[in-house]
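The values are calculated or read from the model by the stated rules, or taken from the named source; none is laboratory data. None of the values given here were measured: they were computed from a predicted structure. Positions of Cβ are generated from backbone atoms using ideal geometry, with glycine treated the same way; all protein chains shown enter the neighbour counts. Areas reflect the complete protein model, heavy atoms only, side chains present, ligands, DNA and RNA absent. Shrake-Rupley method; radii C 1.70, N 1.55, O 1.52, S 1.80 Å.
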Amino acid sequence: MTTRQNLRLIRPLVHQLHAYVPGEQPKIKGLIKLNTNENPYPPSPRVLKAVKAAVDGRLRLYPNPTAQLLREKLAKLHGCAPENIVVGNGSDELLALAVRAFVEPLVGQAPCLSRRSRTQADLSPSKEKTKSENDQTRVLRDSKTLVQYFHPSYSLYPVLADIHGSARNPVPLNGNFSLPGAPELKRGGLWDFNAALTFVTTPNAPSGHGYPTATLEKLCRTMNGVVVLDEAYVDFAGENAMKLALKYPHVIISRTFSKAYSLCFQRVGYFVGHAELIAALDKIRDSYNVNGLGQVAALATLADLPYYRANFRRIISTRENLSRALTMLGFRVLPSQTNFILAKPPVFAAKDWLQKLRENRILVRWFNQPEVKDFLRITIGAPQEADALVRAAKAILR
Ligand SMILES: Cc1ncc(COP(=O)(O)O)c(C=O)c1O
């Protein structure tokens with residue numbers, strides 16, 4: 001079979017897809033890695049010990065299919081029942097399951113793969129819409145097919161919508177990355193209060209902007225579809241919205257062990273929500289979606305929370321020190337409630353800074369999106385890594 005014939009075996013939807021682009025995992029040793037929001041501190045010694053102790057003949061056995069013990073411990077932690085919790089192979093898996101469980105694919109129409117990302121100006125009701133925009137709006141009117149999210153936020157959401165063949169509705173955040181209120185959303189006309197699924201990254205990525213629970217609650221109350229509050233970075237924030245998942249039947253909280261709990265490698269995340277929604281997700285997940293060592297590691301993590309809380313404090317303190325130091329060098333650093341900062345560098349374009357920092361053996365992240373292309377997203381590392389970044393920035397400016 002020729003390559004050409006082979007390509008015909010692939011669904012057109014998959015041909016058109018743009019895959020999610022993860023941050024670089026460099027092959028070269030000795031780089032300071034501030035590009036993927038990993039935690040600079042290792043898992044607690046108790047976690048490492050538990051994982052090592054589990055590496056024996058038991059590897060031949062399947063793990064617990066429902067992560068039962070882990071769900072029981074998480075339920076205790078959050079004041080709910082195990083039926084309110086589903087655990088995933090990272091929270092990414094659960095975000096994908098949510099699209100599959102709650103959103104209808106578009107039938108007989110091309111998915112909105114190439115929607116242009118809209119700007120704040122588009123919220124103006126007086127702006128005349130083009131024909132193609134009107135066509136797209138018509139597609140979006142079928143709320144059951146709609147994955148909705150604010151823009152910019154986690155760049156996986158549109159990819160998940162595209163994979164599923166559903167429509168996506170990116171709605172701009174305010175210019176300072178705060179959430180538009182319900183009246184503004186109504187006036188703007190882009191937001192769909194009936195969207196089958198709405199993702200809200202809170203605190204926001206890539207800006208680091210934190211959202212008060214009261215603001216999130218107001219938004220949730222206006223929504224008729226499922227709302228997933230993606231709290232991947234919430235342990236570095238002043239408050240979390242867990243109570244909303246326990247109060248409103250259509251609200252789900254997404255959490256991960258990757259960032260605050262130093263477990264990216266093990267891939268464990270979880271959703272908390274109403275039992276019916278959780279049961280729907282449970283029905284469509286792989287039978288053994290959470291690997292055994294991941295379950296062991298997450299359980300040991302929950303038994304050593306003070307170790308991690310001390311790390312949150314250290315990371316927050318490094319974040320504030322680094323923000324001050326970069327501000328003194330002329331960077332515009334946005335306030336952050338996460339383990340990264342979004343900073344607009346002086347003198348050179350952000351894209352050039354990316355390269356210049358790399359030449360100094362420091363990796364940060366740059367996004368080629370209009371709203372954030374003037375900024376660098378910098379993960380908060382250990383204090384000595386933050387110092388190295390400041391030294392490199394001074395050298396570049398010299
Ligand atoms: C906002 C947000 N949600 C979810 C995730 C995924 O985390 P996990 O490692 O649990 O799949 C990330 C990872 O970068 C993220 O930034």
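Observations on the structure shown:
- Test for residue 370: is it open to solvent by 50 Å² or more (accessible area, probe 1.4 Å) and under 20 Å from residue 30 (Cβ atoms): no
- All conditions but one from (1) in a strand (DSSP E or B); (2) more than 21 Å from the chain's Cα centre (by Cα); (3) basic (Lys, Arg) apply to residue 377; the one that does not is (2).
- Out of 231, 239, one residue alone is touching a helix residue (DSSP H, G or I) at 6+ places or on another chain (Cβ under 7 Å) and in contact (Cβ under 8 Å) with a residue 12 or more places away in the chain. It is 239.
- Number of residues in the range 228-254 that are part of a helix (DSSP H, G or I) and either of a type in the set (Lys, Arg) or away from the ligand (no atom under 11 Å from the Cβ) (or both): the value is 8.
- For the range 325-367, the candidate set comprises residues that are of a type in the set (Val, Ile, Thr) and closer than 26 Å to residue 311 by Cα; within that set, the residue that is surrounded by the most Cβ atoms within 10 Å (Cβ to Cβ) is 338.
- Answer residue from the range 80-96, given it is assigned to a helix (DSSP H, G or I) and within 16 Å of the ligand (Cβ to nearest atom) and is farthest from residue 233 (Cα to Cα) among those: 96
- Residues satisfying the criterion are absent from the range 131-141 (criterion: within 16 Å of the ligand (Cβ to nearest atom), open to solvent by less than 60 Å² (accessible area, probe 1.4 Å) and either modelled with pLDDT of 95 or more or under 14 Å from residue 193 (Cα atoms) (or both)).
- Restricted to the range 223-269, and to residues there that are open to solvent by 40 Å² or more (accessible area, probe 1.4 Å) and polar (S, T, N, Q), the residue that is farthest from residue 306 (Cα to Cα) is 224.
- Yes/no for residue 211 being within 16 Å of the ligand (Cβ to nearest atom), without any contact (Cβ under 8 Å) to a residue 40 or more places away in the chain and aromatic (Phe, Trp, Tyr): yes
- Residue match in the range 2-22 (condition: in contact with a strand residue (DSSP E or B) (Cβ under 8 Å, 6 or more places away or on another chain) and within 16 Å of the ligand (Cβ to nearest atom)): no
- Scope the range 272-290; condition open to solvent by 60 Å² or more (accessible area, probe 1.4 Å) and assigned to a loop (DSSP other than H, G, I, E, B); matching residues: 274, 286, 287, 288
- Yes/no for residue 99 being open to solvent by less than 30 Å² (accessible area, probe 1.4 Å), away from the ligand (no atom under 16 Å from the Cβ) and of a type in the set (Val, Ile, Thr): no
- The single residue among 277, 263 that is at pLDDT 95 or above, within 16 Å of the ligand (Cβ to nearest atom) and not charged (D, E, K, R) turns out to be 263.
- Breaking point among (1) more than 19 Å from residue 263 (Cβ to Cβ); (2) part of a loop (DSSP other than H, G, I, E, B); (3) at pLDDT 90 or above, for residue 29: (3)
- Within the range 312-347, if we keep just the residues that are outside any loop (DSSP other than H, G, I, E, B) and either of a type in the set (Phe, Trp, Tyr) or at pLDDT below 95 (or both), the residue that is farthest from the chain's Cα centre (by Cα) turns out to be 312.
- Those residues of the range 388-398 which are without any contact (Cβ under 8 Å) to a residue 60 or more places away in the chain and either closer than 21 Å to residue 26 by Cα or not in a helix (DSSP H, G or I) (or both), in sequence order: 392, 398
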